[in-house]
Amino acid sequence: MDTLYITHPDCGLHNMGSWHPESPDRIDAIHDQLVASGVLDFLVQAIPDPVSDEHILRVHTPEHLNHIKNNAPVEGTYSIDADTIMTTHTLAAARVAAGAGVLAVDRLMQGSHKTAFCSVRPPGHHAEPDAAMGFCFFNNIAIAAAYALEVYDLKRVAIIDFDVHHGNGTERAFANDPRVMMCSFYQHPLYPDRHVENPGANMVNVPVPAGTRGSDLSQIVTNQWMPKLSQFQPQMIFISAGFDAHREDEISQLRMVEDDYAWITSQLVDLAEQTANGRIVSMLEGGYSLSALGRSVLAHIRALSKL
C-alpha cells in the first residue's frame, strides 16, 4: 500500500513575514525534492478538510479556541508573541494542518494505507491546551492522536517527537494518560525550556546537549525508546517530524543528517508492523534549512514507504 501524502494550498498562504524561518518556502522545498527524486509518483496525494471545533476541543480549551478565532485578523496581523503571528490566512491554514492528521487517521484505520506524511504548516507540537506559542496555534499531532483514541477506540498510541525542540504542548496534553506513550529527544537548554524535570510516567523525553550527533541519538532510540515502546505495544504510531536537528539548520546545534532520520523512521516502521498493523501518521513540525529539510523529508518518506 502506497504512503499517503497530505497537503493543502492554504498551508502556503500563512506567511508571518519574509524574516520568519517558518515560511511557506518549507512546503515548496519538500515538494521540489519529492518531484526531483521521482518519489512523489509513488505517493497517493490527498487534500484535507478543515478540522472541526469538536476535534480541536479534545485537546484545547474552549478559551484557547475562542482566542484564536476571535483574534484572526480580517486584515493585517495579530501577534500572539514575537514569533507566533496570525495573518488573514492563519486560521484557515491551522485548520487544514490539523485536519490533515484527522484524514490520515481515517485512511489508515479504514485500511487503504499503512503510512501517511502530512506536509502541513503551521506546525503544532508547542501549542499547549490553553496557549499558542512557538510558531504553533493548534497541536496537530495531539488532535490526531486524540481523534484516534476516542473515535476509533484505540487503547494505546505512541507519539514520537524528533524535532530539536521539546514538544511541550504534546507533553501537557497527554502527561499521565495511560493510553499514550510519548518518546522524544531534544536539545537542552533551548526553546521552550519547559517540563524538563518530573515528566509524566508515560513520557520518555530525553534532553541532550548541543553538539550531540546522530550516533548518540541512535543509542537513545535503541536503549531508551524502543524497549518502552515494545512493551507498550502501540496500536498506532504518530510522529512529530521536525527536521531542525539537522547539522545544517542554524536554529539549533545538533548534528543529525538525512541517514539518521531514515534510520529512526525504519525502526518505527518495524515496530508498527509488529504492533500496529503498520500504521504510522507523520506530521511536519520544524526544519528551517530548506535544502536540508527537503532532503531529510525525502529520506523519511523513503523509509516510511520502503522505497
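The values are calculated or read from the model by the stated rules, or taken from the named source; none is laboratory data. Quick caveat, the model's predicted, so the values are computed rather than measured. Because the Cβ atoms are built from the backbone with ideal geometry, glycine has one as well, and the counts that use them run over all protein chains shown.
Kindly provide the set of residues from segment 234-254 that are touching a Leu at 6+ places or on another chain (Cβ under 7 Å) and small (Gly, Ala, Ser), ordered by number. Passing the criteria: ALA241, ALA245, SER252.
Within segment 200-219, the presence of at least one residue that is modelled with pLDDT under 95 and over 19 Å from the mean Cα position of the chain (by Cα) is confirmed.
Name the single residue that is farthest from PRO50 (Cα to Cα) among those in segment 88-105 being part of a helix (DSSP H, G or I) and more than 17 Å from the chain's Cα centre (by Cα). Spell out how you get there, then give the answer.
Taking segment 88-105 and keeping what is part of a helix (DSSP H, G or I), we get 90-105.
Now restrict to residues that are more than 17 Å from the chain's Cα centre (by Cα): 90-92.
Values: THR90: 12, LEU91: 10, ALA92: 7 Å.
Of everything passing the filter in segment 88-105, THR90 is farthest from PRO50 (Cα to Cα).
If you go through segment 13-50 and keep only what is among the aromatic types (Phe, Trp, Tyr) and not in a loop (DSSP other than H, G, I, E, B), you end up with just PHE42.
Candidates are the residues of segment 78-124 that are touching a Cys at 6+ places or on another chain (Cβ under 8 Å) and not aliphatic (A, V, I, L, M); the one that is nearest to ILE30 (Cα to Cα) is SER119. Kindly evaluate PRO178 against the criterion of being modelled with pLDDT of 95 or more, in a loop (DSSP other than H, G, I, E, B) and either within 26 Å of ALA144 (Cα to Cα) or in contact with a Gly (Cβ under 7 Å, 6 or more places away or on another chain) (or both). So PRO178 fits the description; yes.
Starting from residues that are among the hydroxyl-bearing types (Ser, Thr, Tyr) and in contact with a strand residue (DSSP E or B) (Cβ under 7 Å, 6 or more places away or on another chain), keep the ones in segment 276-304 and report whichever is nearest to ALA241 (Cα to Cα).
Filtering segment 276-304 down to residues among the hydroxyl-bearing types (Ser, Thr, Tyr) leaves 282, 288-289, 291, 296.
When the remaining residues are screened for being in contact with a strand residue (DSSP E or B) (Cβ under 7 Å, 6 or more places away or on another chain), the result is 282, 289, 296.
Values: SER282: 6, SER289: 15, SER296: 10 Å.
Going through the qualifying residues, I end up with SER282.
Taken residue by residue, segment 61-79 has no member that is touching a helix residue (DSSP H, G or I) at 6+ places or on another chain (Cβ under 7 Å) and of a type in the set (Phe, Trp, Tyr).
Checked across segment 283-294, the condition of being at pLDDT 95 or above, of a type in the set (Asp, Glu), buried (at least 24 other Cβ atoms within 10 Å of the Cβ) and closer than 24 Å to ARG107 by Cα holds for at least one residue. Kindly check whether there is at least one residue in segment 68-87 that is of a type outside the set (Asp, Glu), within 27 Å of GLY294 (Cβ to Cβ) and in a helix (DSSP H, G or I). Checked against the condition, which is being of a type outside the set (Asp, Glu), within 27 Å of GLY294 (Cβ to Cβ) and in a helix (DSSP H, G or I), segment 68-87 yields no hits at all. In segment 96-106 there is no residue that is surrounded by 15 or more Cβ atoms within 10 Å (Cβ to Cβ) and farther than 21 Å from HIS8 by Cβ. Listed by first and then second residue, the pairs linking a residue in segment 120-135 that is more than 21 Å from GLY294 (Cα to Cα) and at pLDDT 95 or above to a residue that is among the β-branched types (Val, Ile, Thr) and surrounded by fewer than 24 Cβ atoms within 10 Å (Cβ to Cβ), with Cβ atoms under 8 Å apart and 6 or more places separating them unless they lie on different chains, are PRO129/THR61; ASP130/THR61; ALA132/ILE68; ALA132/ILE80; ALA132/THR84; MET133/ILE80; MET133/THR84; GLY134/THR84. Going through (1) outside any strand (DSSP E or B); (2) closer than 30 Å to GLN110 by Cβ; (3) of a type in the set (Ser, Thr, Tyr) one by one, SER240 falls short only on (1). Counting only residues that are more than 23 Å from ILE251 (Cα to Cα) and among the acidic types (Asp, Glu), segment 186-240 holds 1 of them. Of LEU190, LEU149, LEU154, all but one fail to be surrounded by fewer than 24 Cβ atoms within 10 Å (Cβ to Cβ) and under 24 Å from TYR261 (Cα atoms); the exception is LEU190. Within segment 174-181, is there a residue that is surrounded by fewer than 24 Cβ atoms within 10 Å (Cβ to Cβ), small (Gly, Ala, Ser) and in contact (Cβ under 8 Å) with a residue 12 or more places away in the chain? Within segment 174-181 (the criterion being surrounded by fewer than 24 Cβ atoms within 10 Å (Cβ to Cβ), small (Gly, Ala, Ser) and in contact (Cβ under 8 Å) with a residue 12 or more places away in the chain), the answer is yes, since at least one residue qualifies.
If only one of LEU229, LEU217 is closer than 19 Å to ALA144 by Cβ and either among the aliphatic types (A, V, I, L, M) or crowded, with 17+ Cβ neighbours inside 10 Å (or both), which one is it?
Details: LEU217 fails: closer than 19 Å to ALA144 by Cβ.
Going through LEU229, LEU217 in turn, just one is closer than 19 Å to ALA144 by Cβ and either among the aliphatic types (A, V, I, L, M) or crowded, with 17+ Cβ neighbours inside 10 Å (or both): LEU229.
Among the residues making up segment 7-54, a single one is aromatic (Phe, Trp, Tyr) and in contact (Cβ under 8 Å) with a residue 12 or more places away in the chain: PHE42.
Pairs linking a residue in segment 258-273 that is on the phi < 0 side of the Ramachandran plot and at pLDDT 95 or above to a residue that is buried (at least 18 other Cβ atoms within 10 Å of the Cβ) and among the basic types (Lys, Arg), with Cβ atoms under 7 Å and 6 or more positions apart or on different chains, are GLU258/ARG295; ALA262/ARG302; ALA272/ARG279.
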